Structure formats: C-alpha cells, structure tokens
Amino acid sequence: MEPAKHPPADDALQAQVDELLEKLAKMTDTAARAQADLQNAKIRMQRDADDIRKFAGEMFLRKLLPTIDNFARAFAHLPDDLKAHEWVKGVGAIEQDFVRQLSEMGLRKMECLGTQADTAKHEVVTVGPGKEGEVVEVFENGYELNGKVLRPAKVKVGNGSMSR
C-alpha cells in the first residue's frame, strides 16, 4: 500500500513558502536600497560640509577685496621720492603678507590681460582698439576663491581695430 498523499496541504505549504520568499526578496531589496540611500546621503553631507568649509569665508573675503584694491592703487601711485622710505617698505611688506595669507585661504587674482573675454570671469566695461575679443585693459582685478569666481574683473576688450 502506498502512503496517502496530501496534495492540498502540500500546495498550501508551498504557497506559503513562495509568499515568504517573495516577501524576503522585497525586504532584502528595500534594505539594500535604504543602505545605498544612506551611503549617498553620507557622501552628499560630506561634500556639502567640505563646500561649507571651503567657502565659509566668502562673504568676509568679498568685503576685503576693496582693501586689496586700495593697497594696489596706493602703491601704483606712490611718489618716486617715497619708494625707498623704510616706513613705505614696511607697509609694502604688510600688504604682501596680507595677500599671501588670503592666497593660502584660496583667494587668487585672475590674470586677464591678453586673454579672451569670458563672461563668467570678465565684466566688459568698454571696447576699444585691440585684437577682437581680447582683454586689452583691466580697470578692476577679478578674484576667484578655490576656483569659483568671487568677483569678475572689469575690463576693456578689443574691437578688432588697431590704434593709430
């Protein structure tokens, strides 16, 4: 005699196992997605924190740019008879140290003269004789902070004609 088969009970049990395996697969997928989302959030938060640290002094540095400009103007118009004066040399050393320290914070003066005008880096104030599209004069220096334009340079751009 053969043992009695109970197909309905076996089918019900198999259906439960299949249902539990499906739920397990969904939960495993959900857990993996949650873990990936958490990892992405951590990376994003770290990048945001790095950006905050990198650009924390941005507003402060913006306020210092006119002071840097004033130092440059003062030394550009220094009378010849005062250039050798020790006090003036001392102030010059202070200015150089000030600029060096700002440079260490990521501030960099943009070199514009002779380059092609770039609307992201230059504010074209006027055009005049010179190679077309090339910066021929800088009225106010532009600065970048860690590669980001802090202040565009105010420039004169060539119009393609040559001066006489």
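The values are calculated or read from the model by the stated rules, or taken from the named source; none is laboratory data. Values in this document were obtained by computation on a predicted structure and should not be read as measured data. Methodologically, a virtual Cβ is constructed for each residue, glycine included, from the backbone with ideal geometry; neighbour enumeration extends over all protein chains shown.
Some observations on this one:
- Count - residues of region 65-85 that are in a helix (DSSP H, G or I) and more than 19 Å from VAL138 (Cα to Cα): 3
- All positions within region 79-97 that are touching a helix residue (DSSP H, G or I) at 6+ places or on another chain (Cβ under 7 Å), farther than 15 Å from LYS109 by Cα and surrounded by 11 or more Cβ atoms within 10 Å (Cβ to Cβ): VAL88, GLY92
- All positions within region 102-126 that are out of contact with any Leu (no Cβ under 9 Å at 6 or more places or on another chain), modelled with pLDDT of 95 or more and not in a loop (DSSP other than H, G, I, E, B): LYS109, GLN116, HIS122, GLU123, VAL124, VAL125, THR126
- When region 126-147 is filtered for residues that are surrounded by fewer than 14 Cβ atoms within 10 Å (Cβ to Cβ) and not polar (S, T, N, Q), the ones remaining, listed by number, are GLY128, PRO129, GLU132, PHE139, GLY147.
- Residue, farthest from the chain's Cα centre (by Cα), within region 21-73, restricted to residues that are over 25 Å from MET110 (Cβ atoms) and of a type in the set (Asp, Glu): GLU22
- Residue match in region 44-55 (condition: free of Cβ contacts under 8 Å to residues at least 40 places away in the same chain, within 18 Å of LEU145 (Cα to Cα), loosely packed, with under 10 Cβ neighbours inside 10 Å and of a type outside the set (S, T, N, Q)): yes
- Flag for GLU19 being over 30 Å from GLY130 (Cβ atoms), surrounded by fewer than 11 Cβ atoms within 10 Å (Cβ to Cβ) and out of contact with any strand residue (DSSP E or B) (no Cβ under 8 Å at 6 or more places or on another chain): yes
- The one condition in (1) among the basic types (Lys, Arg); (2) modelled with pLDDT of 95 or more; (3) more than 27 Å from the chain's Cα centre (by Cα) that LYS156 fails to fulfil: (3)
- Meets criteria (closer than 30 Å to VAL149 by Cα and of a type in the set (S, T, N, Q)) for THR67: yes
- When region 88-126 is filtered for residues that are basic (Lys, Arg) and closer than 30 Å to ASN159 by Cβ, the ones remaining, listed by number, are ARG108, LYS109, LYS121.
- Where a residue in region 91-111 is farther than 15 Å from ASN70 by Cα and its partner, wherever it lies, is of a type in the set (D, E, K, R), with Cβ under 8 Å and at least six apart: GLY106/LYS54; LEU107/GLU144; ARG108/GLU144; MET110/LYS121; MET110/GLU144
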